[in-house]
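Here is the structure we will look at.
The values are calculated or read from the model by the stated rules, or taken from the named source; none is laboratory data. All values reported here derive from a predicted model rather than from experimental measurement. Cβ atoms come from the backbone with ideal geometry, glycine included; neighbour counts cover every protein chain shown.
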Amino acid sequence: MTYAIGLTGSIATGKSTVLSIFADLGVPVRSADETVHALYAGRAAEAVERRFPGTVVDGVVDRVLLARQLIAAPERLGDLEALIHPMVREETYAYLDMIAERGADLVVLEIPLLFEAGAPYPLDAIVVTTCDPHTQRRRALSRPGMTVEKLDAILARQIGQDEKMQRADYRIDTSDGIGKTRRKVEAVLADFRARMKDREATR
């Protein structure tokens, strides 16, 4: 049986770092952001161009051009999500089937808008990344193309860190650097595997 951990958290709280640590520890991982990138360069491009004319360049969705349109008309973000999220779910389920066929016992799925999108995923536990708000803003604003206005618009649409932590099975604070974060991920992985072993023993 393949168990699935969902990894989520607000923007710039360390999801990608934690996902890479899980991968370093030998766990198959899947990034929703990477899935979106692939969709933007593939089957989603034509549909995005129809809804957001002028955002596709050489057959690939230009995320900067798309972001400009969404900042100018933030109410249209829902249109984009309604288009992209079902495709991401399809790709994720296909990946889960592939991983199960390979016989992996565990997979970690990074789903940034897990709570916000309200989409069903077959998860056995949820890990939420967190960090202090100052660190979060510093990290976010250091990203290429990020502005204060864009960040504020993103945060306004995301559930707050406190609520996400309340919904989580595990919480990983990434404020203290990569070394401590890695040890926290190792502890989460060990605890989860122990819990799944106990579950199997009671079946």
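From (1) at pLDDT 90 or above; (2) surrounded by 13 or more Cβ atoms within 10 Å (Cβ to Cβ); (3) among the aliphatic types (A, V, I, L, M), pick out the condition that doesn't hold for residue 153.
(1)
Pairs only if they're at least six apart or on different chains, beta carbon under 7 angstrom, first in the stretch 131-146 and more than 22 Å from residue 162 (Cβ to Cβ), second of a type in the set (Asp, Glu) and surrounded by fewer than 16 Cβ atoms within 10 Å (Cβ to Cβ); list them, first residue then second.
Correct list of pairs: empty, since none qualify.
For the stretch 182-199, check the following and say yes or no: at least one residue is out of contact with any helix residue (DSSP H, G or I) (no Cβ under 6 Å at 6 or more places or on another chain), assigned to a loop (DSSP other than H, G, I, E, B) and farther than 19 Å from residue 33 by Cβ. I'd like the intermediate steps shown before the answer.
At the first step, the residues of the stretch 182-199 found to be out of contact with any helix residue (DSSP H, G or I) (no Cβ under 6 Å at 6 or more places or on another chain) are 183-184, 186-199.
Now narrow it down to the ones that are assigned to a loop (DSSP other than H, G, I, E, B): none.
For the stretch 182-199, residues out of contact with any helix residue (DSSP H, G or I) (no Cβ under 6 Å at 6 or more places or on another chain), assigned to a loop (DSSP other than H, G, I, E, B) and farther than 19 Å from residue 33 by Cβ: absent.
Would you mind telling me which numbered condition in (1) in contact with a strand residue (DSSP E or B) (Cβ under 8 Å, 6 or more places away or on another chain); (2) free of Cβ contacts under 8 Å to residues at least 60 places away in the same chain; (3) part of a loop (DSSP other than H, G, I, E, B); (4) not charged (D, E, K, R) residue 112 fails?
Result: residue 112 passes all but (2).
Could you name every one of the helices (runs of 4 or more DSSP H) located completely within the stretch 1-74 that has at least 3 residues being over 18 Å from residue 111 (Cα atoms) and modelled with pLDDT of 95 or more?
Working: elements: 15-24, 32-40, 45-51, 63-72.
Result: 45-51.
Would you mention how many residues in the stretch 61-78 are within 18 Å of residue 33 (Cα to Cα) and either surrounded by fewer than 15 Cβ atoms within 10 Å (Cβ to Cβ) or charged (D, E, K, R) (or both)?
Step one: filter the stretch 61-78 for residues within 18 Å of residue 33 (Cα to Cα), giving 61-67, 70, 77-78.
Add one more test, that the residue is either surrounded by fewer than 15 Cβ atoms within 10 Å (Cβ to Cβ) or charged (D, E, K, R) (or both), and what stays is 62-65, 78.
Summing the residues that are within 18 Å of residue 33 (Cα to Cα) and either surrounded by fewer than 15 Cβ atoms within 10 Å (Cβ to Cβ) or charged (D, E, K, R) (or both) in the stretch 61-78 gives 5.
So, of the residues in the stretch 136-150 that are at pLDDT below 90 and among the charged types (D, E, K, R), which turns out to be surrounded by the most Cβ atoms within 10 Å (Cβ to Cβ)? Steps first, answer last, please.
Filtering the stretch 136-150 for residues at pLDDT below 90 gives 144-147, 149-150.
So of that shortlist, the ones also among the charged types (D, E, K, R) come out as 149-150.
On the way: 149: 10, 150: 18.
Top of the filtered list is 150.
List the residue pairs whose Cβ atoms are under 7 Å apart, where the first residue sits in the stretch 171-193 and is closer than 17 Å to residue 161 by Cβ, the second is part of a loop (DSSP other than H, G, I, E, B), and the two are 6 or more positions apart or on different chains.
As it stands, the answer is 173/131; 174/13; 174/14; 174/131; 175/131; 175/132; 181/14; 181/174, since those pairs meet every condition given.
Is it true that residue 164 is surrounded by 15 or more Cβ atoms within 10 Å (Cβ to Cβ) and farther than 19 Å from residue 29 by Cβ? Outline the logic, then answer.
Values: surrounded by 15 or more Cβ atoms within 10 Å (Cβ to Cβ): yes; farther than 19 Å from residue 29 by Cβ: yes.
So residue 164 passes the test.
Residues checked against (1) surrounded by 13 or more Cβ atoms within 10 Å (Cβ to Cβ); (2) among the aliphatic types (A, V, I, L, M); (3) closer than 30 Å to residue 172 by Cβ:
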| residue | (1), (2), (3) |
| --- | --- |
| 42 | yes, no, no |
| 85 | yes, no, yes |
| 97 | no, no, yes |
| 119 | yes, yes, yes |
